[in-house]
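Colleague: Next up is a structure, given as structure tokens.
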Amino acid sequence: MIRKRESKLKTKEEPKKEETSIQIPAMDIAIFKLNIRGTSPLICHKFSNNAKEMMLTPKDKKVSSAKRAPRNPEESFRESLYPIPGKKNAFGFPASGFKKAAVSACRQLDGINMTFVRGAFFVMGDLVEIDGTPTMREDMVRLNGQKADIRYRAEFKTWSAQLSIRYNKGSISIPQIVNLMNIAGFSVGVGEWRPERNGAFGMFEVEV
């Protein structure tokens, strides 16, 4: 009897797990040109060969500032520029500087993070050519609490540039990139003494 009773008992079937699949859409890559105009002077400060040599020199072999050769303002000015390879009297600015400005601008926005923007679009090339005439500027600076020193650097008082933007249309749109670059130009900037570094230089806006 016990065996017959056990045979009539029905076991509760476990619900079947629904199979789920992750859909990864194909990328839709496109390129467009974005024209920007400087709204404040751009100060360039490329690492000079002298500065690179000093960084590579062991501390115990470094020459004190008092024993260094007299500074050549014209040479310092020229070394602060980013020459465009193969073009005479043409200068640029690192393309990465404009991308970094856009990424940093995400701090001003809600709902968009820096990680997303890093992978959503890119400013193509090593250097973005700057349309403008560089002039030499002289500044008194004080680094890390040391005594004051004079720096000679290149400045573009008026400038503009064209950025080649490569982006994923499935992630971000052209109007979104334009708005982000406008925020970057206003609140972050590029070059020395930009807004991100408590200055007001290197600001820009997108030309409509």
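The values are calculated or read from the model by the stated rules, or taken from the named source; none is laboratory data. This structure is a prediction, so every number in the text was calculated from the model and none was measured. Quick reminder, even Gly has a Cβ in these numbers, built from the backbone with ideal geometry, and neighbours come from all protein chains shown. Heads up: the accessible areas ignore ligands, DNA and RNA and are worked out on the full protein's heavy atoms, side chains in. Shrake-Rupley method; radii C 1.70, N 1.55, O 1.52, S 1.80 Å.
Colleague: Quick one: accessible surface of V123, probe radius 1.4 Å, all protein chains present, in square angstrom to the nearest 10.
Modeller: Spelled out: V123, probe radius 1.4 Å, area about 20 Å².
Colleague: Next question, about the same structure. Return the carbon/sulfur percentage of the accessible area of region 69-170, one whole number, probe 1.4 Å, all protein chains in place. If you can, show how the numbers build up before the last one.
Modeller: On the way: 2930 of 6100 Å².
Carbon with sulfur: 48 percent of the solvent-accessible area.
Colleague: Now for a separate question. For the full complex of protein chains and a 1.4 angstrom probe, list V103, V208 by accessible area with the highest value first.
Modeller: Numbers: V103 15, V208 190 Å².
So the residues, ranked largest to smallest area, are V208, V103.
Colleague: Based on the Kirkwood radius over alpha-carbon pairs, what value in µm²/s does the Stokes-Einstein equation return for the translational diffusion coefficient of region 82-130 at 37 °C and 0.692 mPa s? Walk me through the intermediate numbers first.
Modeller: Working: Rh = 12.0 Å.
D, rounded to a whole number, is 272 µm²/s.
Colleague: Next up: So which of K99/K147; K99/K169; K46/K157 end up more than 23 Å apart, counting from Cα to Cα? Please list the in-between numbers first.
Modeller: Details: K99/K147 34 Å; K99/K169 17 Å; K46/K157 17 Å.
In this structure, K99/K147 exceed 23 Å between Cα atoms.
Colleague: A further question on this structure: Any idea how far apart S21 and N168 come out in nm if each label point goes 7 Å out from Cα toward Cβ?
Modeller: 2.1
Colleague: Near the amide H of W159, under 5 Å away, which other amide H atoms are found, from residues 5 or more places off or on another chain, if H is placed in the peptide plane?
Modeller: So W159 has HN proximity to G38.
Colleague: In addition: For a quick size check, give me the Cα extents of region 139-196 along its three principal axes, largest first, whole Å.
Modeller: 53, 24, 17
Colleague: At R0 = 30 Å, how high is the FRET efficiency between I150 and E129 if r is their beta carbon distance? Nearest 0.05 is fine. If you can, show how the numbers build up before the last one.
Modeller: On the way: r = 29 Å, r/R0 = 0.97.
Taking R0 as 30 Å, the efficiency between I150 and E129 is 0.55.
Colleague: Using a Förster distance of 41 angstrom, determine the FRET efficiency expected from the C-beta separation of K157 and R118, and round it to 0.05. Please report the intermediate quantities before stating the final value.
Modeller: On the way: r = 32 Å, r/R0 = 0.78.
Once rounded, the FRET efficiency stands at 0.80.
Colleague: Which Rg and Dmax, in Å, describe the Cα atoms of region 95-208?
Modeller: Gyration radius and largest Cα-Cα distance of region 95-208: 15.8, 53 Å.
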